[in-house]
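One structure below.
The values are calculated or read from the model by the stated rules, or taken from the named source; none is laboratory data. Keep in mind that this is a model prediction, so the values were computed, not measured. When we count neighbours, we look across all protein chains shown, and the Cβ atoms used for this are built from the backbone with ideal geometry, even at glycine. Note: areas computed on protein heavy atoms with side chains; ligands, DNA, RNA excluded. Shrake-Rupley method; radii C 1.70, N 1.55, O 1.52, S 1.80 Å.
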Amino acid sequence: MAEQSTPPVEPEGTGPGRLRVFLVDDHAMFRAGVRAELGAHVEVVGEASTVADAVSRIAATEPDVVLLDVHMPDGGGRAVLEAMRRSHPEVRFLALSVSDAAEDVIGLIRAGARGYVTKTISPDELAAAIRRVADGDAVFSPRLAGFVLDAFAARPDAPVADPELDQLTNREREVLRLLARGYAYKEIARELYISIKTVETHVSNVLRKLQMSNRYELSRWAADRRLV
């Protein structure tokens, strides 16, 4: 009678539902430590130490969650977020930093991060935070959550600062809003009582300022900011 083999026991988080995580931090030893600690919980699909490498490698690997350091020599976490949110809006970001400064927390959340935890977090807590962010929740270390609540409670009606949006004129924003709603150039011209040529000029200016190449990218950008 043939001996039956026992299937190996998979570690926690393996298999089809295993979360794919990317690490962005300019300290190699810290990345190695995080990779080792999280290995039983998630699949670490890549890592980067610069903004440029992070942007290209995140686009190539398409992880579920990016663990993102806030301060790096070439721009830091916010630069990565701003570069990725247009092209890969499905990727979620969790800031993981030594900084617990209110301005860092608010800046990253406004840029699009789904959460912010400090590097004092335990491996099990970090794994749980990653899964919650992947599921669409917002996650903060307890003290940092207060910063976010205070920032928005103090001025609930104040507009969120957006350097990209701020560089557009009022007319360019009107054109962008109609464009994102699917209006043709002729319809935009009729709606705003301007010529088609003027509409084309405004669209060209918006594309140049936002560094985009077509109206579809503009539409998605506007939808992400709820301008539509």
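Scanning the range 10-30 for residues that are modelled with pLDDT of 50 or more and out of contact with any strand residue (DSSP E or B) (no Cβ under 7 Å at 6 or more places or on another chain) turns up 17, 25, 26, 27, 28, 29, 30. If the condition is being assigned to a helix (DSSP H, G or I) and of a type in the set (A, V, I, L, M), then the range 55-98 contributes 55, 58, 59, 60, 79, 80, 81, 83, 84. Sub-9 Å Cβ pairs linking a first residue in the range 163-174 that is under 15 Å from residue 82 (Cα atoms) to a second residue that is aromatic (Phe, Trp, Tyr), at least 6 apart or interchain, are 164/221, ordered by first then second residue.
Test residue 80 against the criterion of being of a type in the set (Val, Ile, Thr) and surrounded by 22 or more Cβ atoms within 10 Å (Cβ to Cβ), and give yes or no.
Working: of a type in the set (Val, Ile, Thr): yes; surrounded by 22 or more Cβ atoms within 10 Å (Cβ to Cβ): yes.
Taking the combined requirement at face value, the residue satisfies it.
Within the range 111-123, is even one residue touching a Lys or Arg at 6+ places or on another chain (Cβ under 9 Å) and assigned to a helix (DSSP H, G or I)? Yes: the range 111-123 contains one or more residues that are touching a Lys or Arg at 6+ places or on another chain (Cβ under 9 Å) and assigned to a helix (DSSP H, G or I). Among the residues that make up the range 170-184, is at least one of them surrounded by 16 or more Cβ atoms within 10 Å (Cβ to Cβ) and over 30 Å from the mean Cα position of the chain (by Cα)? No, every residue in the range 170-184 fails to be surrounded by 16 or more Cβ atoms within 10 Å (Cβ to Cβ) and over 30 Å from the mean Cα position of the chain (by Cα).
In the range 117-137, the residue that is most open to solvent (accessible area, probe 1.4 Å) out of those that are polar (S, T, N, Q) and under 19 Å from residue 70 (Cβ atoms) is 120. So which residues in the range 205-227 are at pLDDT 80 or above, part of a loop (DSSP other than H, G, I, E, B) and under 16 Å from residue 168 (Cα atoms)? 211, 212 - these are the residues of the range 205-227 that are at pLDDT 80 or above, part of a loop (DSSP other than H, G, I, E, B) and under 16 Å from residue 168 (Cα atoms).
Take the residues in the range 193-218 that are open to solvent by less than 30 Å² (accessible area, probe 1.4 Å) and more than 25 Å from the chain's Cα centre (by Cα), then tell me which one is farthest from residue 108 (Cα to Cα). Ranking the qualifying residues of the range 193-218, first place goes to 199. Residue 151: surrounded by fewer than 14 Cβ atoms within 10 Å (Cβ to Cβ), modelled with pLDDT under 85 and farther than 26 Å from residue 31 by Cβ, yes or no? When the stated conditions are applied, residue 151 does not pass them.
Taken over the range 21-63, residues that are among the hydrophobic types (A, V, I, L, M, F, W, C), open to solvent by 50 Å² or more (accessible area, probe 1.4 Å) and under 18 Å from the mean Cα position of the chain (by Cα) amount to 2. In the set 92, 86, 110, 114, only one residue is among the basic types (Lys, Arg), open to solvent by 40 Å² or more (accessible area, probe 1.4 Å) and in contact (Cβ under 8 Å) with a residue 60 or more places away in the chain; that residue is 86.
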